[in-house]
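The values are calculated or read from the model by the stated rules, or taken from the named source; none is laboratory data. Only a predicted model underlies this, so the values are computations on that prediction, with no experimental measurement involved. All Cβ positions, even for glycine, are placed from backbone atoms using ideal geometry, and neighbour counts span all protein chains on display.
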Amino acid sequence: MSNRLRSLALGLVGATALATPAFAVDLDITCRCVIGGVNSATAEWLEESVIPAFEAANPDISVTLNQFGGEDAQLTQQLALDFSTGAGPDITGFDGFLIPSFAEGGLLKSLDELVGDDYANWEGWEHISPGIRSILSYEGETYGVGLGTDVRMLFVRTDLLDQAGIDAASWQPSSWDDVLDAARKLKESGVEAPFQLNAGVAMGEATTMQGYWMALLGTGEGVTDAEGKYIVESKGILDTLDLYKTVYVDEGLGDQRAQLLADGRNRSFANFRDGKTAMLVEGDWFYRAVTSPGAEFEVADRDNVMDWKKMPAQEPGAGWNGQDFVSVSGGTGYVINPNTDSPQEAWQFLAFMMSQEQMTAFQDYQPGIRSRSDVPIPDSPFLTETSQALLPLTTARPNDANYNSVSQEIQRMTEAVVSGELSPEEAMAQYKSAVIAIVGEENTVSLL
Amino acid sequence: MTTETIQTSPRRKGRNFALLSSRAGAAFLTPAGILVSLFVIVPFFWVIFVSFTNRTLLGRTALNPEFVGLANYLALFDPATFFQRGQFGFSLILTTQFVLASALIGQALLGLLLAWLIQTVPPTVKRITETFVIAAWILPEVVIGFAWFAFLDRDAGTLNMILTSIGFPPGDYLLDSPFWVIVVFNTWRGAAFSMMLFNSAFSSIPPSYFQAADVAGASSWQKFRDIGLPLIRGHIVTDLILITMWTFNTFTPFLLTNGGPSYRTELVSIYNYRVAFQDFQFGKGAAVGVIMMLINLAFALVYLSIGRKKKAPKT
């Protein structure tokens with residue numbers, strides 16, 4: 001090697017060494033959050049509060065945030081493939097309903113196995129209720145730390161309701177018919193797609209949780225029966241699918257395109273923002289993040305034009321558990337990659353992130369119902385009212401490894417009806433054979 | 001693949017001219033051989049093996065997959081569900097229609113037409129046409145996919161802007177006629193290959209043939225039918241088989257439609273992706289992959305046998 005080449009090589013080595021400061025440990029954290037985009041507040045909180053404070057306290061650990069801008073289902077896909085090949089971030093945001101299927105597939109390790117004593121002795125557990133802890137648990141093992149829980153409801157545009165001659169302040173639908181009547185009046189008054197109930201494959205889990213489940217609970221049924229068997233044929237399923245058919249196919253009360261196109265969920269948000277939709281079934285995240293000031297789908301003058309109502313059962317008293325109104329809850333949190341090189345440091349960061357101090361700081365970015373009882377609920381009428389009214393009514397998804405696959409079949413079943421391709425009976429028959437193929441006939445039940 | 005196979009025999013005869021001893025040659029081949037077997041042959045048999053199991057990525061069967069024999073294949077060809085939307089048979093039929101419409105009729109016919117037309121135009125026009133058509137072929141797929149998505153969008157798409165500005169009603173193409181969208185897309189995308197192939201084929205015909213036809217007073221159509229077409233028959237067969245294979249395996253329409261709405265554009269390749277990487281059913285996905293491999297093998301065999309027939313008289 002000539003002298004010149006040698007000095008060039010040495011220089012390159014030197015420059016590379018200078019460019020990467022010598023941290024003892026580098027950690028990566030991924031969430032479906034992008035500053036200025038989806039879940040912006042979470043990304044800002046991590047970038048501005050959690051990571052700087054953690055790095056200041058632990059100078060030998062460096063943390064990098066990967067902002068994932070795709071859909072929930074795409075992140076699930078990436079994590080599943082990453083975790084199965086030993087790749088992926090050290091810590092990642094995670095939806096609780098995926099824990100069983102990941103854990104059964106060997107793609108997650110329990111914190112007990114991965115971290116051990118530090119996890120068991122964490123001060124935070126005293127302040128996290130068993131219910132919240134169970135969101136990221138499966139068969140007695142804890143796989144992650146929850147950030148909080150949520151509830152689902154009917155969001156309305158009061159300005160549009162008033163315009164259509166419905167007194168928005170006092171209006172509370174007590175049956176599906178009330179909702180449909182209001183939708184018809186709104187349609188007459190010129191609102192393009194008055195009522196949106198999520199359906200279809202493109203929306204992924206949002207279809208199951210924010211659409212199908214909210215209607216199905218109104219018929220008094222759940223996705224599984226009391227013994228945990230999947231219901232594959234029932235009047236409740238048919239009534240729910242008929243409701244979809246009425247809204248999207250027969251009467252055109254909702255925006256069918258938003259349910260069928262690839263970017264449908266954002267379309268439904270945009271419709272609500274632009275006053276093309278007056279009633280939308282969504283989780284409280286819709287209020288806390290999607291429509292909040294500064295967000296992409298910010299509703300102008302939100303406190304005057306937007307309100308929420310309890311989602312009614314099909315008929316008063318006909319809902320799940322004999323209730324008049326229904327809701328369903330989920331929860332998200334953070335898990336540690338089972339293949340991480342530094343499980344202890346990853347846990348150190350996760351515990352720091354979920355400390356009372358950082359969780360309280362998060363309330364400034366995005367107020368919400370936090371998993372820790374020692375983090376005060378901010379003075380937000382919306383959160384106080386919805387949690388008081390809906391938490392007592394709510395239910396949760398089955399903690400079952402097959403749930404994820406069944407949920408995809410639910411999305412397909414609703415899409416078949418909403419697109420007008422199949423009748424409710426045909427769609428249910430397809431759902432039945434698909435679910436039997438997934439869970440086995442002995443784990444299903446027919447109520448017809 | 002084809003040329004190698006065809007050239008095997010002459011090479012063997014020319015062993016005397018080899019630069020290396022056969023042992024040294026083998027030694028040099030070994031690394032490549034190991035890589036090929038590691039990354040091509042092992043996965044090939046691995047996929048066949050997985051297709052006989054109920055392996056998934058998530059859930060119980062991820063850690064403890066069971067040998068299920070032909071169950072995956074039987075499920076794919078289950079007559080009760082075969083033709084249902086979102087099932088294997090549905091996407092197979094859809095793919096056949098797609099190949100017929102976009103590859104055989106679209107790409108080949110359009111390519112042939114373009115190639116014939118640019119034989120007679122001035123060289124500048126010919127070069128401009130070629131540039132445009134080839135640009136459609138060489139641009140990266142992701143760029144093309146998103147450009148078309150933006151072009152076709154109902155609310156802010158360029159196509160509807162043009163249509164409404166000249167007084168036509170706007171259309172919702174991606175939702176109302178997604179199949180025809182991907183047919184037009186694939187035609188547009190792939191016509192370049194056929195055009196180039198036929199262009200060089202037409203150029204190889206001695207001009208005197210056409211001049212003689214001109215003297216005899218033949219029309220353009222007669223020249224095309226009686227001189228052009230018969231002389232490029234071999235090229236047409238090559239073209240048809242290649243674009244059939246490519247179109248059969250293409251995945252790009254996924255960027256436009258995600259296989260939807262309601263499975264109406266779920267080609268076999270997209271179906272395979274969905275089953276394996278969205279539903280995480282590796283066993284079933286592998287079975288689809290094996291069937292696709294067999295279909296491709298059939299195409300390749302047809303192509304090879306035709307290739308051999310074509311070369312035979314020359315050697």
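Applying the condition of being of a type in the set (Val, Ile, Thr) and in contact (Cβ under 8 Å) with a residue 12 or more places away in the chain to segment A:84-140 and asking which residue is nearest to A:VAL63 (Cα to Cα) yields A:ILE91. Scan segment A:153-161 and give yes if some residue there is touching a residue at least 24 places away in the same chain (Cβ under 8 Å) and closer than 30 Å to A:MET354 by Cβ, otherwise no. There is at least one residue in segment A:153-161 that is touching a residue at least 24 places away in the same chain (Cβ under 8 Å) and closer than 30 Å to A:MET354 by Cβ. Out of segment B:178-214, which residues are farther than 24 Å from B:LEU242 by Cβ and either more than 14 Å from chain A (Cβ to nearest Cβ) or out of contact with any Lys or Arg (no Cβ under 9 Å at 6 or more places or on another chain) (or both)? Scanning segment B:178-214 gives B:PRO206, B:PRO207, B:SER208, B:TYR209, B:PHE210, B:GLN211, B:ALA212, B:ALA213, B:ASP214. Flag set for B:ALA218, criterion: farther than 30 Å from B:PRO253 by Cβ, crowded, with 16+ Cβ neighbours inside 10 Å and without any contact (Cβ under 8 Å) to a residue 12 or more places away in the chain. Condition test on A:ALA193, is it under 30 Å from B:ARG274 (Cα atoms), within 14 Å of chain B (Cβ to nearest Cβ), modelled with pLDDT of 90 or more and part of a loop (DSSP other than H, G, I, E, B)? Answer is no for this residue. Candidates B:ASP239, B:ASP279: the one that is over 17 Å from the mean Cα position of the chain (by Cα), surrounded by 14 or more Cβ atoms within 10 Å (Cβ to Cβ) and either within 14 Å of chain A (Cβ to nearest Cβ) or under 30 Å from B:VAL40 (Cα atoms) (or both) is B:ASP279. If you go through segment B:70-81 and pick out every residue that is more than 17 Å from B:GLY285 (Cβ to Cβ) and away from chain A (no Cβ under 12 Å), you end up with 1. At least 3 residues being on the phi < 0 side of the Ramachandran plot, exposed (fewer than 15 other Cβ atoms within 10 Å of the Cβ) and not acidic (Asp, Glu) is the threshold, and among the helices (runs of 4 or more DSSP H) wholly inside segment B:42-105 those reaching it are B:42-50, B:88-98. Beta carbons closer than 6 Å, at least 6 apart along the sequence or on distinct chains, pair a first residue in segment A:407-432 that is more than 10 Å from every other protein chain (Cβ to nearest Cβ) with a second that is part of a loop (DSSP other than H, G, I, E, B) and not small (Gly, Ala, Ser) for A:GLN411/A:VAL201. When restricted to residues that are more than 14 Å from chain A (Cβ to nearest Cβ) and either exposed (fewer than 12 other Cβ atoms within 10 Å of the Cβ) or not in a helix (DSSP H, G or I) (or both), segment B:143-161 contains 1. Among the residues that make up segment A:28-47, is at least one of them part of a loop (DSSP other than H, G, I, E, B) and out of contact with any helix residue (DSSP H, G or I) (no Cβ under 9 Å at 6 or more places or on another chain)? Within segment A:28-47, not a single residue is part of a loop (DSSP other than H, G, I, E, B) and out of contact with any helix residue (DSSP H, G or I) (no Cβ under 9 Å at 6 or more places or on another chain). Of all residues in segment A:323-357 being charged (D, E, K, R) and part of a helix (DSSP H, G or I), which is surrounded by the most Cβ atoms within 10 Å (Cβ to Cβ)? So, considering only residues that are charged (D, E, K, R) and part of a helix (DSSP H, G or I), the one surrounded by the most Cβ atoms within 10 Å (Cβ to Cβ) is A:GLU345. As for segment A:93-115, it holds at least one residue that is under 16 Å from A:TRP347 (Cβ atoms), over 16 Å from the mean Cα position of the chain (by Cα), crowded, with 17+ Cβ neighbours inside 10 Å and within 14 Å of chain B (Cβ to nearest Cβ).
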